[in-house]
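Q: Can you keep this structure in mind? I'll have questions shortly.
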Amino acid sequence: MSNDTQNETQNETRAETIGKDSVVHIDYTLRNDAGEVIDKSAEGKPLPYLHGHGQIVPGLEKALEGKAVGESFSVTIPAAEGYGERSEEAIFEIPRDRLPEGLEPQVGMELAAQSPDGQVLRFRLIEIGEDTVKADANHPLAGQDLHFDITVAKIRPATSEEIAHGHAH
Ligand code: ZN
């Protein structure tokens with residue numbers, strides 16, 4: 001086999017499997033430890049993402065590396081490689097008079113606050129007291145192992161614009 005032929009074969013292999021800067025479409029189902037479905041891609045609408053840019057949780061990105069179109073697999077991702085461990089520091093109290101006027105706080109309510117430097121903090125209310133409410137800014141899936149069923153629906157190379165933006169178009 002000449003060198004030229006070898007190079008061609010390698011390029012072809014690279015295009016058909018997932019690597020850095022692949023735009024990948026995946027059908028996925030996400031279950032928690034109890035086996036309940038907590039998220040899934042819509043029927044016939046696989047989720048597109050740009051591989052190698054931290055668009056999906058680190059453990060899933062690692063598991064997808066090198067996979068080919070049509071491949072199906074199941075993977076369990078520990079919380080640390082998913083949405084992270086739960087942090088007690090992300091739980092805090094807010095005086096009720098600091099809540100938006102007219103808001104009737106309820107457990108489970110999701111709110112967002114903007115800090116002076118423009119950072120948006122999302123949190124949900126977990127306890128309603130007389131003078132304060134308790135809020136939790138952990139990701140709802142923090143501290144949970146993630147069980148994914150994945151099918152790779154499509155792989156294509158990203159455009160230079162997509163690479164510059166860090167996401168799939
Ligand atoms: Zn863009």
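Read-outs throughout are calculated quantities, based only on the coordinates presented, and are distinct from any laboratory measurement. These numbers come from a predicted model, not from an experiment. Cβ coordinates were reconstructed from backbone atoms using ideal geometry, including for glycine residues, and neighbour counts include every protein chain displayed.
Q: Please determine, in degrees from 0 to 90 and to the nearest 10, the orientation of helix 3-16 with respect to the longest principal axis defined by the Cα atoms of the chain, where the helix direction is its Cα long axis.
A: 30
Q: Taking the Cβ of D27 as the center, what net charge do the other residues with Cβ under 15 Å away carry, scoring Lys and Arg +1 and Asp and Glu -1? Mind dumping the intermediate values first?
A: Details: positive: R31, K40, K45, K67, K154; negative: D39, E43, E71, D149.
So the environment of D27 carries a net charge of +1.
Q: Quote the FRET efficiency, to the nearest 0.05, computed for D33 versus E101 with a Förster distance R0 of 45 Å and r equal to the Cβ-Cβ distance.
A: 0.65
Q: Any idea how far apart V120 and R156 come out in nm if each label point goes 7 Å out from Cα toward Cβ?
A: 2.9
Q: Continuing with this model, one more query. Based on alpha-carbon centroids, what's the gap between segment 83-115 and segment 29-58 in Å, whole number please?
A: 26
Q: Along each principal axis of its Cα atoms, how long is the chain end to end? Whole angstroms, biggest number first, please.
A: 79, 38, 29
Q: Gaussian network model of the chain, Cα springs within a sub-10 Å range: biggest mean-square fluctuation belongs to which of I77, I94, I150?
A: Its mean-square fluctuation being the largest, the pick is I94.
Q: Further question on the same structure: Roughly speaking, what is the stretch gain from S87 to T17, that is 0.36 nm per residue apart minus the C-alpha to C-alpha distance, in nm to one decimal? Show your work: numbers first, answer last.
A: Details: separation 70, 0.36 × 70 = 25.20 nm, distance 3.65 nm.
Gain on extension, S87 to T17, equals 21.6 nm.
Q: A follow-up question, please. Please find, in a Gaussian network model of the chain (springs between Cα atoms separated by less than 10 Å), the residue of A42, A153, A135 whose mean-square fluctuation is greatest.
A: In this elastic network of the chain, the residue with the biggest mean-square fluctuation among A42, A153, A135 is A42.
Q: When N is the residue count of segment 108-169, what does its C-alpha Rg come to as a fraction of 2.2 N^0.38 Å? Don't skip to the answer; put the middle values down first.
A: Working: Rg = 18.9 Å, N = 62, 2.2 N^0.38 = 10.6 Å.
Taking the Cα Rg and dividing by 2.2 N^0.38 Å, one obtains 1.79.
Q: Let me ask something else about it. Taking the Cβ of I91 as the centre, find all other residues whose Cβ is under 14 Å away and add up their charges (Lys, Arg: +1; Asp, Glu: -1).
A: Value of the local net charge: -2.
Q: Go ahead and estimate [θ] at 222 nm for the chain from helices alone: -39,500 (n - 2.57) per DSSP H run with n ≥ 4, summed, over the residue count, rounded to 500.
A: Numbers: 3 runs with 27 residues, N = 169.
One gets -4500 deg cm²/dmol as the mean residue ellipticity at 222 nm.
Q: Please pull out the direction-averaged projected area of segment 88-136, using the convex hull of its alpha-carbon atoms, in nm² to one decimal place.
A: If I average the Cα hull's projected area over directions, I get 3.6 nm².
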